[in-house]
Each structure stands twice: as C-alpha cells, then as structure tokens.
C-alpha cells in the first residue's frame, strides 16, 4: 500500500512516515499544498493523508481540485480545527474521513485500514489464493497451513499481488504501489523480489502461484 502525506509540520510528517513504514506502508511526503497536488496527480496512491492548513494551497482547495481532476483516491483529512463546520467543509470538499489533532496513532491506523479496504474486492483482512493465506492485520503468510517468514517488502509485494488476483500487473505498477516515490528501483529489483517470493511460498510446497506474463508483468493465480 502506498500513502501520500501532505503535512507542513515536518516533525509530524516525519513521525507519521516512520510509523506507517513500520506498518509496511510505502510513504511519500509533501510539505505544501502545491507539491501535494503535483504528487497526487502524477503518482498512484491508495490513500492521501491531508492536513487542512497548508501553505501555497490549503487542504480544502487541494481536495476539491483532486476531485475535479477525477482523482478518487481516498482522502483522510487531518486538522487541529475540530468544529462541526470544519468537519462538514472538509467532507464536502471530497475528503472521505476526518481526524482531529492530537490523535492516537492506533486510531489513525484503524481509519487508514478502513479507507484502504473500500476499493478492494475483498473487505476481509484474510486474503486467500488457493492454499496461500495472507493476513493483512497480523502480517502473516501461510501455505498449506504452514507459516512462511517474509521481509516487510516481500509481504507488501505479495499483498499487492494477492489483492489483484488474476490481474496482470506491470513492473511499473508494482513499483508505484509498493515502493516510495523517491525510491531508486530498477526492473531487475522486482525480478529479485519475485524470485525470493517463489523460493519461500512455492518451492518448498511444490506450488506455482506467481505467473510471469512475458512482455507484460506478473499475476497471481490459484494454480
């Protein structure tokens, strides 16, 4: 999952980025509304965390502009202004949820998970592809009932594949959803991670979940 945070307070933005990366999200930062708008237009995000009071372009205007551009990425608006009028204005601008500062990080996580589940076909935190089971809440993976240890990035890649079961995903799509915007990722890096996944979830179990579609990319199937 890839998240864009638009927050002008660098300390808050950095803390959110660090916390979310520990939860296996890829996170990009923007410190003003104009930069946030540019990233949101050019990038592919599963969620935008948007501060209300921003330099250059405020959060309300940014959200409205994104919706005008047919960018329907879920928006979670953060603000220290918690009056009813402020909440109504934020939601009417196109935001999907509203969280008042200060807030508990656990509540932020819960809201993120609720919002990022909405676009997917499966609302369950348990994703299954045949004998492969991915628990997106506990961050566990099992094949034929046996647990498999994955790195954070391997888990993120596998989750993205499983959430798009049967869909051919290009390397550029995988990079956009699994890695940060400024990450220097080459195509052969994807090949290395795919090979590692196959070594862990396929070879020991004589399974074949990940298919290479030559000239296009990869897809995951239920054998």
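Each reported figure results from applying straightforward, stated rules to the coordinates on display, with no laboratory input. Remember, predicted model here, so these are calculated numbers, not experimental data. Note: ideal-geometry Cβ built from the backbone for every residue, glycine included; neighbour counts use all protein chains shown.
Considering the zone a paramagnetic label at residue 213 would reach in this model (a point 7 Å from Cα along the Cα-to-Cβ line), which residues of the range 41-68 have amide N under 18 Å from it?
none
How high is the relative contact order of the chain? Use alpha-carbon pairs under 8 Å, at least six apart in sequence, and give a whole percent.
17 percent
As a test, work out the antiparallel percent of DSSP beta bridges whose residues both lie in the chain, rounded to the nearest 5.
Here the share of antiparallel DSSP bridges comes out near 50 percent.
Gain in length, residue 56 to residue 70, computed as 0.36 nm per residue apart minus the alpha-carbon separation, to one decimal in nm?
2.9 nm
Give me the angle, in degrees from 0 to 90, between the Cα long axis of helix 152-163 and the longest principal axis of the Cα atoms of the chain, rounded to the nearest 10.
Helix 152-163 and the main axis of the chain meet at about 90 degrees.
On C-alpha positions alone, give me the angle between the axis of helix 187-201 and the longest principal axis of the chain, in degrees, nearest 10.
Tilt of helix 187-201: around 60 degrees.
Over the range 126-220, with a single point scatterer placed on each C-alpha, what log10 of the ratio I(q)/I(0) does the Debye formula yield at q = 0.14 1/Å?
Values returned for q = 0.14 Å⁻¹ are -0.47.
Could I get the Rg over Rh figure for the range 2-117? Both from C-alpha atoms, Rh via Kirkwood, rounded to two places.
Ratio of gyration radius to Kirkwood radius for the range 2-117: 0.91.
Applying 1/(1 + (r/R0)^6) with R0 = 25 Å to the Cβ-Cβ distance of residue 189 and residue 91, what FRET efficiency is obtained, to the nearest 0.05?
0.05
What angle, in degrees between 0 and 90 and rounded to the nearest 10, separates the Cα long axis of helix 59-68 from the longest principal axis of the Cα atoms of the chain?
The two axes meet at around 60 degrees.
So what's the chain giving for Cα Rg divided by 2.2 N^0.38 Å, two decimals?
It is 1.07.
Hey, what number do you get for the chain at 222 nm if only DSSP H runs of n ≥ 4 count, each worth -39500 (n - 2.57), divided across all residues, to the nearest 500?
One gets -12500 deg cm²/dmol as the mean residue ellipticity at 222 nm.
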